[in-house]
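Peer 1: This is the structure I have questions about; it appears just below.
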Amino acid sequence: MTELDRDKFVKEIRVSSAQVVSSNVGKSMRILKKYLLKIEKVRPVREMESEMRSILLDPINFKGFELLDEAEKNSLIGLNITNDNFSDTTVHLKYENFKLDDVLKAVLPKDQEGCTSFSRIGHIVHLNLRDHLLPYKLLIGEVLMDKIPNIKTVVNKNHIIDSTYRNFQMEILAGVEDFTAEVKENSCTFKFDFSKVYWNSRLCTEHERIIKLLPENAVLFDVFAGVGPFSIPAAKLRKCQVFANDLNPFSFEWLNENAHINKVKTVKTFNQDGRDFILEQLRPYLLGRPTKTIHVTMNLPAIAVEFLDAYVGLLEGSDITERDSINLTVHVYGFCQESASFTEMRERVESVLKCNLEKHIVEIIDVRDISPKKHMMRMSFHMPIAVLLARDEVSEPKRMKLEPEK
């Protein structure tokens with residue numbers, strides 16, 4: 001089925017039912033609770049003539065009065081309900097009575113993986129359909145619109161994420177062309193144009209983990225801030241002083257808007273390349289010999305590790321020495337292979353920083369599976385001051401820098 005035919009879902013089923021007087025409905029339902037019929041938009045109690053009511057029971061779970069346990073039977077008998085009160089009845093079902101998963105299983109090919117996951121971003125449902133499901137994309141969009149409450153738009157990702165701004169082209173499968181979404185996360189409100197910025201609802205738990213790692217009144221430098229899922233709650237919940245940066249001008253615009261919406265006054269925003277942000281904002285701050293704990297988040301997993309060379313020799317030429325104390329913790333993200341993801345992540349970071357970080361690692365965690373052989377990892381570590389003072393020997397071709405689109 002490539003076009004949704006709701007009439008195909010019209011059917012009749014036979015179920016068991018218990019006939020009870022209306023005054024005993026509540027008590028009877030408590031006794032029969034685990035046997036009640038549970039079907040979308042089907043009430044388990046039906047009115048009958050006079051004072052009688054019919055309680056619908058699941059034919060799979062309920063096998064008859066005589067097969068109830070003794071306590072259940074005795075409780076029903078105490079209400080004058082016996083085997084004579086039970087009979088079969090017909091329930092008429094329509095499309096509206098089937099849940100989302102049931103409809104999708106019914107309309108999609110049974111010999112291939114179905115549509116098992118999607119993301120919800122405010123009123124938008126975002127899909128990343130595999131090739132074998134593309135002939136059914138409009139059908140899937142229509143079903144999602146029908147079955148998920150309060151959504152207006154269903155989109156499918158068309159291409160890989162843009163390497164510069166982390167957004168992607170999308171196709172509307174159902175609903176209206178309205179990409180301005182509002183999302184609640186970590187006690188904050190985020191508003192943004194989903195078609196122009198990066199947002200991943202599956203990272204909510206990771207955002208929360210980082211916020212909990214931040215001491216109150218710490219300082220956060222958010223190198224690839226997006227619309228602020230680290231920066232805004234850090235300021236609002238942990239009272240941090242935040243320096244938030246993103247190269248995408250649309251992300252920068254919504255970052256400022258979200259700071260305003262959440263009434264945070266300690267967020268200073270920048271629209272720079274990540275490397276320039278480290279050199280022009282973090283470096284001067286460190287040169288001031290800050291006493292507060294400093295955290296840096298670098299959530300651009302495709303290439304964030306390559307930006308770590310900006311720390312090598314970052315304070316070279318200053319009067320800061322290895323005897324000085326700078327409490328700087330970096331949280332960097334990367335994609336790794338499943339088989340050696342923890343080792344691979346550490347080796348990649350150490351390779352760029354040209355040092356052994358064994359004594360400096362806070363944690364390495366597997367944030368989420370992207371695919372069976374691709375994992376998003378985070379490595380959190382205390383930046384050795386020796387790295388900040390080292391000579392930068394990274395050759396120019398290896399220095400990754402993002403440039404705004406022309």
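Peer 1: Restricting attention to region 192-206, and to residues there that are among the polar types (S, T, N, Q) and in contact (Cβ under 8 Å) with a residue 24 or more places away in the chain, which single residue is farthest from Met377 (Cα to Cα)?
Peer 2: Once the filter is applied, the top-ranked residue is Ser195.
Peer 1: Looking at (1) on the phi > 0 side of the Ramachandran plot; (2) surrounded by 18 or more Cβ atoms within 10 Å (Cβ to Cβ), which is the only condition Gln272 fails?
Peer 2: For Gln272, the failing item is (1).
Peer 1: Let me ask you something else. From the residues in region 4-18 that are closer than 30 Å to Glu51 by Cα and surrounded by fewer than 17 Cβ atoms within 10 Å (Cβ to Cβ), which one is farthest from the chain's Cα centre (by Cα)?
Peer 2: Here the residue is Arg14.
Peer 1: With respect to the numbered conditions (1) part of a helix (DSSP H, G or I); (2) within 24 Å of Lys8 (Cα to Cα); (3) among the hydrophobic types (A, V, I, L, M, F, W, C), which one is the sole condition not fulfilled by Cys115?
Peer 2: With respect to (1) part of a helix (DSSP H, G or I); (2) within 24 Å of Lys8 (Cα to Cα); (3) among the hydrophobic types (A, V, I, L, M, F, W, C), Cys115 is out only on (1).
Peer 1: Taking only pairs six or more apart or across chains, which ones have beta-carbon atoms under 9 Å, a first residue in region 87-100 that is closer than 14 Å to Glu12 by Cα, and a second residue that is of a type in the set (Ser, Thr, Tyr) and not in a helix (DSSP H, G or I)?
Peer 2: Asp88/Ser16; Asp88/Ser17; Thr89/Ser16; Thr89/Ser17; Thr89/Ser54
Peer 1: Right, next: Could you please let me know if Arg283 is part of a helix (DSSP H, G or I) and either more than 22 Å from Tyr198 (Cβ to Cβ) or modelled with pLDDT under 95 (or both)?
Peer 2: yes
Peer 1: Taking region 40-57, which residues are over 35 Å from the mean Cα position of the chain (by Cα) and either of a type outside the set (Lys, Arg) or outside the structural domain of Met29 (by TED's automatic domain parsing) (or both)?
Peer 2: Val45, Glu47, Met48, Glu49, Ser50, Glu51, Met52, Ser54, Ile55, Leu56, Leu57
Peer 1: So Lys263 ticks every box in (1) surrounded by fewer than 21 Cβ atoms within 10 Å (Cβ to Cβ); (2) at pLDDT 95 or above; (3) on the phi < 0 side of the Ramachandran plot but one. Which box is left unticked?
Peer 2: It fails just one condition, (3).
Peer 1: Mind listing just one residue for me: the one in region 285-340 that is touching a residue at least 60 places away in the same chain (Cβ under 8 Å) and aromatic (Phe, Trp, Tyr) and, of those, surrounded by the fewest Cβ atoms within 10 Å (Cβ to Cβ)?
Peer 2: So, considering only residues that are touching a residue at least 60 places away in the same chain (Cβ under 8 Å) and aromatic (Phe, Trp, Tyr), the one surrounded by the fewest Cβ atoms within 10 Å (Cβ to Cβ) is Tyr285.
Peer 1: Here's a check for you: in region 88-132, which residue that is under 14 Å from Met145 (Cβ atoms) and among the charged types (D, E, K, R) is surrounded by the fewest Cβ atoms within 10 Å (Cβ to Cβ)?
Peer 2: Ranking the candidates gives Glu96 first.
This table checks each residue for (1) in contact (Cβ under 8 Å) with a residue 40 or more places away in the chain; (2) within 20 Å of Gly274 (Cβ to Cβ); (3) over 17 Å from the mean Cα position of the chain (by Cα).
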| position | (1), (2), (3) |
| --- | --- |
| Phe190 | yes, no, no |
| Asp222 | yes, yes, yes |
| Val227 | no, yes, no |
| Arg238 | no, no, yes |
| Gln241 | yes, yes, yes |
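Peer 1: Considering each of Thr329, Thr343, Thr321 in turn, give the residue that is farther than 20 Å from Leu389 by Cβ and of a type in the set (S, T, N, Q).
Peer 2: Thr343
Listed here are the residues, each with its yes/no results for (1) touching a Lys or Arg at 6+ places or on another chain (Cβ under 9 Å); (2) under 17 Å from His260 (Cα atoms); (3) surrounded by fewer than 24 Cβ atoms within 10 Å (Cβ to Cβ).
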{"site": "Ser201", "(1), (2), (3)": "yes, no, yes"}
{"site": "Glu208", "(1), (2), (3)": "no, no, yes"}
{"site": "Ile211", "(1), (2), (3)": "yes, no, yes"}
{"site": "Phe221", "(1), (2), (3)": "no, no, no"}
{"site": "Ile232", "(1), (2), (3)": "no, yes, no"}
{"site": "Gln241", "(1), (2), (3)": "yes, yes, yes"}
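Peer 1: Sticking with this one: For region 14-47, which positions are assigned to a helix (DSSP H, G or I) and touching a Leu at 6+ places or on another chain (Cβ under 8 Å)?
Peer 2: Correct list: Asn24, Lys27, Ser28, Met29, Ile31, Tyr35.
The values are calculated or read from the model by the stated rules, or taken from the named source; none is laboratory data. Predicted, not measured: the structure shown is a model, and the values here were computed from it. In this analysis, Cβ positions are derived from the backbone assuming ideal geometry, glycine residues included, and neighbour counts consider all displayed protein chains.
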